[in-house]
Amino acid sequence: MKCKLTLIVCCLLCTLMGLSQDNPSKKQRLDFAKMYFEAGGTYRSSFEGKQLVNNQVSTFEHPATINSYLTWGAFHFWGHTEFYVTFPISQLNLKGDKEASYQLSHSVVTGLRLYPWAMKEGKIRSYIGANWGALQFRQILESADNQTEISKDFMLNYDAGLIYNYKNLGLRLGINYFADNKWQYPLSRAQLTAINTPKLSFQLGILYAYDATKDTSKENIDKWNRYPTVSKLSYGANKFGDFYIGAGPSISFSLSKSDYNATEFPYLQQKLTSTNYFDLVLGYHFIKPNLFTALSFRNPTFETEGFGSKQTIEKTSVTLEVNKFLTDYSGFAPYIGLNVAYDKLNYEQNVDGVQFQKTIINEMELGFTFGWDIVPGKTNESLILRTNLRWYPFSKFEINGEQFNFSQLEYNLIQVVFYPQRLRKRR
(Lines give C-alpha, C1' and ligand atoms only; values in the text may rest on other atoms or scores of the structure.)
Protein backbone atom coordinates (compact mmCIF):
# COMPACT_ATOMS: atom_id res chain seq x y z
CA MET A 1 0.00 0.00 0.00
CA LYS A 2 2.84 2.42 0.85
CA CYS A 3 4.44 1.81 -2.55
CA LYS A 4 1.18 2.54 -4.38
CA LEU A 5 0.57 5.72 -2.40
CA THR A 6 4.16 6.84 -3.00
CA LEU A 7 3.74 6.28 -6.74
CA ILE A 8 0.51 8.33 -6.85
CA VAL A 9 2.12 11.16 -4.84
CA CYS A 10 5.16 11.20 -7.15
CA CYS A 11 2.91 11.38 -10.21
CA LEU A 12 0.91 14.21 -8.64
CA LEU A 13 4.12 16.14 -7.99
CA CYS A 14 5.19 15.63 -11.59
CA THR A 15 1.81 16.91 -12.75
CA LEU A 16 2.11 20.03 -10.59
CA MET A 17 5.61 20.61 -11.94
CA GLY A 18 4.26 20.32 -15.47
CA LEU A 19 1.52 22.82 -14.71
CA SER A 20 4.01 25.28 -13.24
CA GLN A 21 6.27 25.01 -16.34
CA ASP A 22 3.45 25.65 -18.84
CA ASN A 23 3.24 29.12 -20.35
CA PRO A 24 0.45 30.87 -18.33
CA SER A 25 -0.36 33.19 -21.25
CA LYS A 26 -1.50 30.20 -23.30
CA LYS A 27 -3.94 28.96 -20.65
CA GLN A 28 -7.36 30.06 -21.79
CA ARG A 29 -10.44 29.45 -19.63
CA LEU A 30 -12.27 27.70 -22.47
CA ASP A 31 -9.31 25.34 -22.97
CA PHE A 32 -9.53 24.20 -19.34
CA ALA A 33 -11.81 21.20 -20.04
CA LYS A 34 -12.63 18.97 -22.99
CA MET A 35 -15.28 16.23 -22.82
CA TYR A 36 -15.08 12.78 -24.42
CA PHE A 37 -16.87 9.50 -24.94
CA GLU A 38 -14.92 6.24 -25.02
CA ALA A 39 -15.80 2.68 -26.06
CA GLY A 40 -13.57 -0.31 -25.50
CA GLY A 41 -12.93 -3.63 -23.84
CA THR A 42 -10.93 -5.13 -20.99
CA TYR A 43 -9.32 -8.57 -20.97
CA ARG A 44 -9.27 -10.77 -17.85
CA SER A 45 -7.42 -14.07 -17.58
CA SER A 46 -8.99 -17.35 -16.47
CA PHE A 47 -9.26 -18.26 -12.77
CA GLU A 48 -10.55 -21.02 -10.48
CA GLY A 49 -14.24 -21.21 -9.65
CA LYS A 50 -15.80 -23.42 -7.00
CA GLN A 51 -19.01 -25.42 -6.65
CA LEU A 52 -20.61 -28.07 -4.47
CA VAL A 53 -20.53 -31.61 -5.84
CA ASN A 54 -22.06 -34.26 -3.54
CA ASN A 55 -21.74 -31.73 -0.66
CA GLN A 56 -18.00 -31.36 -1.33
CA VAL A 57 -16.29 -28.21 -2.65
CA SER A 58 -14.92 -28.84 -6.13
CA THR A 59 -12.79 -26.48 -8.25
CA PHE A 60 -13.03 -25.82 -11.97
CA GLU A 61 -11.70 -23.22 -14.39
CA HIS A 62 -13.59 -20.10 -15.37
CA PRO A 63 -12.65 -18.88 -18.89
CA ALA A 64 -10.80 -15.72 -19.84
CA THR A 65 -13.16 -12.92 -20.82
CA ILE A 66 -13.45 -9.62 -22.66
CA ASN A 67 -15.75 -7.05 -21.06
CA SER A 68 -16.99 -4.13 -23.15
CA TYR A 69 -17.56 -0.72 -21.58
CA LEU A 70 -18.58 2.89 -22.24
CA THR A 71 -16.91 5.84 -20.53
CA TRP A 72 -18.01 9.46 -20.25
CA GLY A 73 -15.33 11.82 -19.06
CA ALA A 74 -13.42 15.04 -19.52
CA PHE A 75 -9.82 16.24 -19.62
CA HIS A 76 -9.21 19.09 -17.17
CA PHE A 77 -6.43 21.43 -16.04
CA TRP A 78 -5.28 22.02 -19.62
CA GLY A 79 -4.63 18.37 -20.42
CA HIS A 80 -3.01 17.32 -17.14
CA THR A 81 -5.92 15.48 -15.47
CA GLU A 82 -8.88 13.35 -16.45
CA PHE A 83 -12.16 12.70 -14.58
CA TYR A 84 -14.49 9.97 -15.79
CA VAL A 85 -17.24 7.43 -15.08
CA THR A 86 -17.44 3.97 -16.69
CA PHE A 87 -20.45 1.77 -17.41
CA PRO A 88 -20.05 -1.98 -18.10
CA ILE A 89 -21.93 -3.23 -21.19
CA SER A 90 -21.47 -6.96 -21.80
CA GLN A 91 -19.10 -9.90 -21.30
CA LEU A 92 -17.72 -12.33 -23.87
CA ASN A 93 -16.38 -15.67 -22.58
CA LEU A 94 -13.41 -16.79 -24.68
CA LYS A 95 -14.14 -20.46 -24.01
CA GLY A 96 -17.75 -21.62 -24.23
CA ASP A 97 -18.97 -23.76 -21.32
CA LYS A 98 -22.68 -24.27 -20.78
CA GLU A 99 -22.21 -25.98 -17.42
CA ALA A 100 -20.17 -23.29 -15.68
CA SER A 101 -19.59 -19.62 -16.41
CA TYR A 102 -19.58 -16.34 -14.52
CA GLN A 103 -20.29 -12.62 -14.74
CA LEU A 104 -17.73 -10.10 -13.43
CA SER A 105 -18.43 -6.44 -14.23
CA HIS A 106 -16.55 -3.33 -13.13
CA SER A 107 -18.22 0.10 -12.99
CA VAL A 108 -16.30 3.28 -12.15
CA VAL A 109 -18.26 5.74 -10.07
CA THR A 110 -15.50 8.35 -10.20
CA GLY A 111 -12.01 8.05 -11.62
CA LEU A 112 -9.00 10.37 -11.75
CA ARG A 113 -5.98 10.06 -14.04
CA LEU A 114 -2.91 12.29 -13.89
CA TYR A 115 -0.76 13.21 -16.91
CA PRO A 116 2.72 14.49 -15.94
CA TRP A 117 3.08 15.86 -19.49
CA ALA A 118 0.04 17.65 -20.85
CA MET A 119 -1.83 15.91 -23.64
CA LYS A 120 -1.05 17.19 -27.12
CA GLU A 121 -2.17 16.18 -30.59
CA GLY A 122 0.13 13.66 -32.25
CA LYS A 123 1.96 12.83 -29.01
CA ILE A 124 1.92 9.67 -26.86
CA ARG A 125 1.23 10.53 -23.24
CA SER A 126 1.47 8.35 -20.12
CA TYR A 127 -0.85 8.47 -17.13
CA ILE A 128 -1.40 6.94 -13.73
CA GLY A 129 -4.68 6.98 -11.86
CA ALA A 130 -7.05 5.68 -9.25
CA ASN A 131 -10.78 5.09 -9.34
CA TRP A 132 -13.54 4.50 -6.87
CA GLY A 133 -15.92 1.89 -8.21
CA ALA A 134 -17.91 -1.29 -7.75
CA LEU A 135 -17.22 -4.85 -8.83
CA GLN A 136 -20.08 -7.34 -9.22
CA PHE A 137 -19.46 -11.10 -9.33
CA ARG A 138 -21.80 -14.02 -9.93
CA GLN A 139 -21.14 -17.63 -10.82
CA ILE A 140 -23.58 -19.18 -13.30
CA LEU A 141 -23.74 -22.92 -12.71
CA GLU A 142 -26.10 -25.31 -14.48
CA SER A 143 -26.04 -27.59 -11.43
CA ALA A 144 -27.11 -24.80 -9.01
CA ASP A 145 -30.10 -22.59 -9.72
CA ASN A 146 -30.42 -18.97 -8.73
CA GLN A 147 -26.81 -18.18 -7.80
CA THR A 148 -26.26 -15.03 -5.75
CA GLU A 149 -24.63 -11.92 -7.22
CA ILE A 150 -22.37 -10.20 -4.70
CA SER A 151 -20.42 -6.99 -5.07
CA LYS A 152 -17.59 -4.94 -3.67
CA ASP A 153 -18.59 -1.29 -3.40
CA PHE A 154 -16.34 1.67 -2.69
CA MET A 155 -13.32 -0.20 -4.00
CA LEU A 156 -10.19 1.86 -4.61
CA ASN A 157 -8.57 0.52 -7.77
CA TYR A 158 -5.55 1.72 -9.74
CA ASP A 159 -4.59 2.02 -13.38
CA ALA A 160 -1.82 3.21 -15.67
CA GLY A 161 -1.41 3.45 -19.41
CA LEU A 162 -0.69 5.34 -22.60
CA ILE A 163 -2.92 7.49 -24.78
CA TYR A 164 -2.40 8.85 -28.28
CA ASN A 165 -4.54 11.69 -29.69
CA TYR A 166 -5.06 12.72 -33.30
CA LYS A 167 -7.50 15.61 -33.78
CA ASN A 168 -10.69 14.52 -31.96
CA LEU A 169 -9.82 10.81 -31.79
CA GLY A 170 -7.73 8.97 -29.21
CA LEU A 171 -6.41 5.47 -28.60
CA ARG A 172 -5.90 4.16 -25.05
CA LEU A 173 -3.82 1.20 -23.86
CA GLY A 174 -4.08 0.57 -20.14
CA ILE A 175 -3.69 -1.85 -17.27
CA ASN A 176 -6.04 -1.95 -14.26
CA TYR A 177 -5.11 -3.27 -10.81
CA PHE A 178 -7.71 -4.53 -8.32
CA ALA A 179 -6.18 -4.69 -4.86
CA ASP A 180 -9.14 -6.54 -3.31
CA ASN A 181 -9.75 -9.66 -5.42
CA LYS A 182 -10.83 -12.09 -2.65
CA TRP A 183 -14.50 -13.04 -2.34
CA GLN A 184 -16.41 -15.01 0.28
CA TYR A 185 -18.85 -16.50 -2.17
CA PRO A 186 -21.99 -18.49 -1.16
CA LEU A 187 -22.19 -21.97 -2.68
CA SER A 188 -25.39 -22.66 -0.74
CA ARG A 189 -27.48 -21.02 1.97
CA ALA A 190 -25.19 -22.49 4.61
CA GLN A 191 -21.72 -22.56 3.02
CA LEU A 192 -19.35 -19.81 1.90
CA THR A 193 -16.04 -20.37 0.14
CA ALA A 194 -13.08 -18.23 -0.93
CA ILE A 195 -12.74 -17.38 -4.64
CA ASN A 196 -9.96 -15.19 -6.04
CA THR A 197 -10.70 -13.26 -9.23
CA PRO A 198 -7.86 -11.80 -11.37
CA LYS A 199 -6.01 -8.83 -9.93
CA LEU A 200 -5.22 -7.37 -13.37
CA SER A 201 -7.19 -6.48 -16.47
CA PHE A 202 -5.87 -5.05 -19.74
CA GLN A 203 -7.69 -2.27 -21.54
CA LEU A 204 -8.03 -1.08 -25.13
CA GLY A 205 -10.29 1.88 -25.88
CA ILE A 206 -11.09 4.37 -28.64
CA LEU A 207 -12.35 7.80 -27.63
CA TYR A 208 -13.87 10.85 -29.27
CA ALA A 209 -13.21 14.21 -27.60
CA TYR A 210 -15.06 17.44 -28.30
CA ASP A 211 -15.17 21.03 -27.08
CA ALA A 212 -18.61 21.87 -25.69
CA THR A 213 -17.95 25.61 -26.14
CA LYS A 214 -16.97 25.52 -29.82
CA ASP A 215 -20.29 27.05 -30.92
CA THR A 216 -20.04 29.92 -28.41
CA SER A 217 -20.04 33.39 -29.97
CA LYS A 218 -16.74 35.23 -30.40
CA GLU A 219 -17.96 37.95 -28.03
CA ASN A 220 -18.58 35.42 -25.21
CA ILE A 221 -15.31 33.58 -25.88
CA ASP A 222 -13.34 36.79 -25.38
CA LYS A 223 -15.38 37.74 -22.31
CA TRP A 224 -15.17 34.32 -20.64
CA ASN A 225 -11.44 33.97 -21.27
CA ARG A 226 -10.87 37.26 -19.44
CA TYR A 227 -12.35 35.90 -16.20
CA PRO A 228 -9.78 35.43 -13.40
CA THR A 229 -8.50 31.86 -13.03
CA VAL A 230 -9.83 31.76 -9.46
CA SER A 231 -12.85 33.87 -8.57
CA LYS A 232 -16.39 33.71 -7.23
CA LEU A 233 -18.99 32.12 -9.47
CA SER A 234 -20.92 35.41 -9.24
CA TYR A 235 -17.99 37.42 -10.64
CA GLY A 236 -19.31 40.10 -13.00
CA ALA A 237 -22.97 39.17 -12.45
CA ASN A 238 -25.60 41.83 -11.74
CA LYS A 239 -28.84 39.81 -11.51
CA PHE A 240 -30.53 38.35 -8.44
CA GLY A 241 -31.07 34.77 -9.56
CA ASP A 242 -32.51 32.21 -12.00
CA PHE A 243 -34.79 29.20 -11.88
CA TYR A 244 -33.56 25.90 -13.29
CA ILE A 245 -34.62 22.30 -13.96
CA GLY A 246 -32.38 19.29 -14.22
CA ALA A 247 -32.19 15.55 -14.76
CA GLY A 248 -29.45 12.95 -14.71
CA PRO A 249 -28.70 9.24 -14.20
CA SER A 250 -27.87 8.19 -10.63
CA ILE A 251 -27.03 5.17 -8.50
CA SER A 252 -27.13 4.56 -4.72
CA PHE A 253 -24.84 2.47 -2.50
CA SER A 254 -25.49 1.13 0.99
CA LEU A 255 -22.59 2.01 3.26
CA SER A 256 -23.10 -0.55 6.05
CA LYS A 257 -24.14 -4.15 6.51
CA SER A 258 -27.44 -4.71 8.32
CA ASP A 259 -27.88 -6.90 11.39
CA TYR A 260 -31.05 -8.28 9.85
CA ASN A 261 -29.39 -9.56 6.67
CA ALA A 262 -26.39 -10.90 8.56
CA THR A 263 -28.78 -13.04 10.63
CA GLU A 264 -31.51 -13.96 8.15
CA PHE A 265 -29.77 -13.82 4.75
CA PRO A 266 -26.00 -14.30 5.10
CA TYR A 267 -25.96 -15.84 1.59
CA LEU A 268 -27.37 -12.67 -0.07
CA GLN A 269 -25.68 -9.37 -0.87
CA GLN A 270 -24.94 -7.58 2.42
CA LYS A 271 -24.38 -4.05 1.07
CA LEU A 272 -27.11 -3.24 -1.42
CA THR A 273 -26.62 -1.30 -4.64
CA SER A 274 -29.55 0.22 -6.48
CA THR A 275 -30.45 -0.09 -10.12
CA ASN A 276 -29.86 3.06 -12.18
CA TYR A 277 -32.50 5.77 -11.79
CA PHE A 278 -33.04 9.42 -12.70
CA ASP A 279 -32.58 12.34 -10.33
CA LEU A 280 -35.14 15.03 -11.27
CA VAL A 281 -34.67 18.50 -9.81
CA LEU A 282 -36.31 21.94 -9.72
CA GLY A 283 -34.38 24.77 -8.12
CA TYR A 284 -33.36 28.40 -7.85
CA HIS A 285 -29.83 29.82 -8.07
CA PHE A 286 -29.23 32.87 -5.86
CA ILE A 287 -26.39 34.41 -7.82
CA LYS A 288 -24.88 37.07 -5.55
CA PRO A 289 -24.71 34.84 -2.39
CA ASN A 290 -23.25 32.02 -4.57
CA LEU A 291 -25.75 29.41 -3.36
CA PHE A 292 -28.67 27.46 -4.79
CA THR A 293 -31.69 25.60 -3.47
CA ALA A 294 -33.12 22.46 -5.01
CA LEU A 295 -36.16 20.22 -4.71
CA SER A 296 -35.29 16.78 -6.07
CA PHE A 297 -37.15 13.52 -6.66
CA ARG A 298 -35.59 10.03 -6.78
CA ASN A 299 -37.01 6.49 -6.77
CA PRO A 300 -34.18 3.92 -6.59
CA THR A 301 -34.82 0.17 -6.25
CA PHE A 302 -32.48 -2.19 -4.37
CA GLU A 303 -32.63 -5.94 -5.07
CA THR A 304 -30.69 -9.03 -4.11
CA GLU A 305 -31.60 -12.68 -4.67
CA GLY A 306 -30.22 -16.17 -4.56
CA PHE A 307 -31.04 -19.76 -3.54
CA GLY A 308 -34.80 -19.21 -3.61
CA SER A 309 -34.75 -15.92 -1.66
CA LYS A 310 -35.32 -12.40 -2.94
CA GLN A 311 -35.19 -9.07 -1.13
CA THR A 312 -36.44 -5.77 -2.61
CA ILE A 313 -36.44 -2.22 -1.23
CA GLU A 314 -38.18 0.52 -3.19
CA LYS A 315 -37.39 4.04 -2.08
CA THR A 316 -39.31 7.17 -3.02
CA SER A 317 -37.61 10.33 -1.85
CA VAL A 318 -38.30 14.07 -2.12
CA THR A 319 -35.42 16.22 -0.90
CA LEU A 320 -34.97 19.92 -0.16
CA GLU A 321 -31.37 21.07 -0.13
CA VAL A 322 -29.30 24.25 0.13
CA ASN A 323 -25.80 24.30 -1.37
CA LYS A 324 -23.02 26.89 -1.28
CA PHE A 325 -20.46 27.33 -4.08
CA LEU A 326 -16.92 27.47 -2.66
CA THR A 327 -15.12 28.98 -5.64
CA ASP A 328 -14.79 28.87 -9.42
CA TYR A 329 -11.47 27.59 -10.72
CA SER A 330 -11.46 28.23 -14.46
CA GLY A 331 -14.95 26.73 -14.89
CA PHE A 332 -14.77 24.09 -12.15
CA ALA A 333 -17.13 25.20 -9.33
CA PRO A 334 -17.34 22.88 -6.27
CA TYR A 335 -20.07 23.25 -3.64
CA ILE A 336 -21.19 21.76 -0.32
CA GLY A 337 -24.55 21.78 1.46
CA LEU A 338 -27.21 20.21 3.66
CA ASN A 339 -30.43 18.48 2.69
CA VAL A 340 -33.56 17.12 4.34
CA ALA A 341 -35.35 14.19 2.68
CA TYR A 342 -38.86 12.81 3.06
CA ASP A 343 -38.56 9.09 2.33
CA LYS A 344 -41.06 6.31 1.79
CA LEU A 345 -39.58 2.79 1.79
CA ASN A 346 -41.42 -0.31 0.61
CA TYR A 347 -39.68 -3.45 1.86
CA GLU A 348 -40.48 -6.91 0.45
CA GLN A 349 -38.91 -10.33 0.85
CA ASN A 350 -39.83 -13.67 -0.67
CA VAL A 351 -38.35 -16.91 0.71
CA ASP A 352 -39.39 -20.17 -1.00
CA GLY A 353 -42.65 -18.58 -2.10
CA VAL A 354 -43.51 -17.09 1.31
CA GLN A 355 -43.89 -13.33 0.92
CA PHE A 356 -43.47 -10.61 3.55
CA GLN A 357 -44.08 -6.89 3.00
CA LYS A 358 -43.69 -3.77 5.09
CA THR A 359 -43.97 -0.04 4.42
CA ILE A 360 -41.71 2.28 6.38
CA ILE A 361 -42.06 6.07 6.28
CA ASN A 362 -39.19 8.26 7.47
CA GLU A 363 -40.69 11.73 7.69
CA MET A 364 -37.31 13.47 7.84
CA GLU A 365 -33.85 12.24 6.91
CA LEU A 366 -30.85 14.55 7.33
CA GLY A 367 -28.18 14.39 4.63
CA PHE A 368 -25.07 16.11 3.35
CA THR A 369 -24.34 17.16 -0.23
CA PHE A 370 -21.10 17.65 -2.13
CA GLY A 371 -20.65 18.30 -5.83
CA TRP A 372 -19.40 20.53 -8.61
CA ASP A 373 -20.58 22.38 -11.71
CA ILE A 374 -18.76 22.75 -15.02
CA VAL A 375 -19.38 26.40 -15.96
CA PRO A 376 -17.16 27.91 -18.68
CA GLY A 377 -19.44 30.98 -18.81
CA LYS A 378 -20.11 31.32 -15.08
CA THR A 379 -23.76 32.43 -14.65
CA ASN A 380 -24.30 33.31 -18.33
CA GLU A 381 -24.88 29.77 -19.65
CA SER A 382 -28.35 28.30 -20.05
CA LEU A 383 -27.09 24.69 -20.04
CA ILE A 384 -24.47 23.33 -17.62
CA LEU A 385 -23.32 19.94 -16.29
CA ARG A 386 -23.52 19.10 -12.58
CA THR A 387 -22.26 16.19 -10.48
CA ASN A 388 -23.39 15.61 -6.89
CA LEU A 389 -23.20 13.14 -4.03
CA ARG A 390 -25.75 12.96 -1.20
CA TRP A 391 -24.77 11.16 1.98
CA TYR A 392 -27.41 9.83 4.41
CA PRO A 393 -25.48 8.37 7.39
CA PHE A 394 -28.45 8.02 9.78
CA SER A 395 -30.97 6.08 7.66
CA LYS A 396 -32.23 2.82 9.22
CA PHE A 397 -35.41 0.86 9.97
CA GLU A 398 -36.51 -2.33 11.72
CA ILE A 399 -37.70 -5.68 10.35
CA ASN A 400 -39.11 -8.14 12.89
CA GLY A 401 -37.32 -6.38 15.72
CA GLU A 402 -33.88 -6.40 14.03
CA GLN A 403 -32.12 -3.31 12.71
CA PHE A 404 -31.67 -2.78 9.01
CA ASN A 405 -28.94 -0.19 8.56
CA PHE A 406 -29.79 1.68 5.36
CA SER A 407 -27.17 4.45 5.37
CA GLN A 408 -26.47 5.39 1.76
CA LEU A 409 -24.48 7.44 -0.67
CA GLU A 410 -26.44 8.66 -3.69
CA TYR A 411 -24.24 9.50 -6.66
CA ASN A 412 -25.69 11.63 -9.44
CA LEU A 413 -23.26 10.92 -12.27
CA ILE A 414 -23.90 13.69 -14.78
CA GLN A 415 -26.91 15.97 -14.38
CA VAL A 416 -27.93 18.28 -17.21
CA VAL A 417 -29.14 21.57 -15.71
CA PHE A 418 -31.20 24.00 -17.82
CA TYR A 419 -31.83 27.69 -17.00
CA PRO A 420 -34.73 28.83 -19.25
CA GLN A 421 -34.45 32.50 -18.19
CA ARG A 422 -30.83 32.64 -19.32
CA LEU A 423 -31.71 31.20 -22.72
CA ARG A 424 -34.37 33.85 -23.20
CA LYS A 425 -31.94 36.64 -22.22
CA ARG A 426 -29.26 35.41 -24.64
CA ARG A 427 -31.80 35.45 -27.48
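The values are calculated or read from the model by the stated rules, or taken from the named source; none is laboratory data. Source: prediction; values computed, not measured. Neighbour counts run over all protein chains shown; Cβ positions are idealised from the backbone, glycine included.
Structure summary
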item: Some residue of the stretch 210-218 being farther than 23 Å from residue 91 by Cβ and at pLDDT 90 or above; result: no
item: Subset of the stretch 165-208 (residues that are more than 30 Å from residue 80 (Cβ to Cβ), small (Gly, Ala, Ser) and assigned to a strand (DSSP E or B)); result: 194
item: The stretch 274-325, residues that are among the β-branched types (Val, Ile, Thr) and part of a loop (DSSP other than H, G, I, E, B); result: 275, 287
item: Residues located in the stretch 142-168, provided they are surrounded by fewer than 19 Cβ atoms within 10 Å (Cβ to Cβ), out of contact with any Lys or Arg (no Cβ under 8 Å at 6 or more places or on another chain) and not acidic (Asp, Glu); result: 143, 144, 146, 154, 155, 156, 160, 166, 167, 168
item: Qualifying residue in the stretch 95-115 (condition: touching an Asp or Glu at 6+ places or on another chain (Cβ under 6 Å) and either under 30 Å from residue 149 (Cβ atoms) or surrounded by fewer than 18 Cβ atoms within 10 Å (Cβ to Cβ) (or both)); result: yes
item: Residue check for residue 260: within 29 Å of residue 295 (Cα to Cα) and not β-branched (Val, Ile, Thr); result: no
item: Selection from the stretch 318-366 of residues that are within 22 Å of the chain's Cα centre (by Cα) and under 30 Å from residue 230 (Cβ atoms); result: 321, 323, 325, 331, 332, 333, 334, 335, 336, 337, 338, 339
item: Filter pass, residue 345 being part of a strand (DSSP E or B), in contact with a Lys or Arg (Cβ under 7 Å, 6 or more places away or on another chain) and either at pLDDT below 85 or more than 19 Å from residue 322 (Cβ to Cβ) (or both); result: yes
item: Residue among 321, 381 that alone is at pLDDT 95 or above, under 30 Å from residue 422 (Cα atoms) and not β-branched (Val, Ile, Thr); result: 321
item: Residue within the stretch 351-373 that is in contact (Cβ under 8 Å) with a residue 60 or more places away in the chain, of a type outside the set (D, E, K, R) and either part of a strand (DSSP E or B) or more than 19 Å from residue 244 (Cα to Cα) (or both) present; result: no
item: Complete set of residues in the stretch 385-427 that are of a type in the set (S, T, N, Q) and under 30 Å from residue 356 (Cβ atoms); result: 395, 400, 403, 405, 407, 408
item: Single match in 79, 122 (criterion: at positive phi and surrounded by fewer than 18 Cβ atoms within 10 Å (Cβ to Cβ)); result: 122
item: Condition broken by residue 352, with the remaining ones in (1) surrounded by 13 or more Cβ atoms within 10 Å (Cβ to Cβ); (2) closer than 29 Å to residue 314 by Cα satisfied; result: (1)
item: Whichever residue in the stretch 255-287 is surrounded by 16 or more Cβ atoms within 10 Å (Cβ to Cβ) and of a type in the set (D, E, K, R) and, among such residues, is nearest to residue 237 (Cα to Cα); result: 279
item: Subset of the stretch 146-188 (residues that are within 20 Å of residue 133 (Cβ to Cβ) and of a type in the set (Gly, Ala, Ser)); result: 151, 160, 161, 174, 179
item: Test: residue in the stretch 405-418 that is surrounded by fewer than 20 Cβ atoms within 10 Å (Cβ to Cβ), among the small types (Gly, Ala, Ser) and farther than 24 Å from residue 271 by Cβ; result: no
